[in-house]
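FYI, it's all coordinate maths here, none of it is from the lab. From a predicted model like this one, the values you see are computed outputs, not experimental measurements. Neighbour counts are summed over all protein chains in view; Cβ atoms, including those assigned to glycine, are modelled from backbone coordinates with ideal geometry.
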Amino acid sequence: MVVNKENDTYQSFQKNVRQILLKAGYAPDVHISSLTPVFLESRRNNPAVNFIIRLRKFIYSLDPLEASFFESEILEGGRHYPFLYINVLSDNESKKLKRELFYKAKEELKELA
């Protein structure tokens, strides 16, 4: 039961981020870490872009494994690139890291909480 609630929470977060990307004029599957900061800064008057800037800063505050994991598992729902960490994390470590990063992001980005 807890797993389903967590999955629903993750999916809701993913859906909100995808909607914000659309509002900012990006494809919903764009990799946030690959967005050009100069271009984002030039569009700061858009609230959706401001959120993306904050989310991008959050991603870059993580270590490289955490950042890849966050984008792949939390933002993309595991649809892309799980091979980046598949031999590094056990299933339990993966679940724990996902939970930790999600709640860390939730705290940083309160409007999606």
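Net charge dipole, the stretch 2-112: roughly 420 debye, given to the nearest 20, about the Cα centre with Cβ charges of +1 for Lys and Arg and -1 for Asp and Glu. Based on Cα contacts under 8 Å between residues 6+ apart, the stretch 4-100 shows a relative contact order of 25 percent. Residue exposure proxy: 65, 97, ordered by other Cβ atoms within 10 angstrom of their Cβ from fewest to most, comes out as 65, 97.
The long axis of helix 2-23 is offset from the longest Cα principal axis of the chain by roughly 20 degrees. Could you give the angle, 0 to 90 degrees to the nearest 10, between helix 47-61's Cα long axis and the longest principal axis of the Cα atoms of the chain? In the chain, helix 47-61 runs at an angle near 50 degrees to the longest axis.
Whole-Å semi-axes of the chain's equivalent ellipsoid, largest first, each the root of 5 times a Cα gyration tensor eigenvalue?
24, 16, 12
Among 71, 6, 107, the order by Cβ neighbours within 10 angstrom, fewest to most, reads 107, 6, 71. Restricting attention to the stretch 2-112, lysine pairs at least eight places apart or on different chains and with alpha-carbon atoms under 17 angstrom apart total 17. Going from the residue with the fewest nearby Cβ atoms within 10 Å to the one with the most, 30, 49, 88 rank 88, 30, 49.
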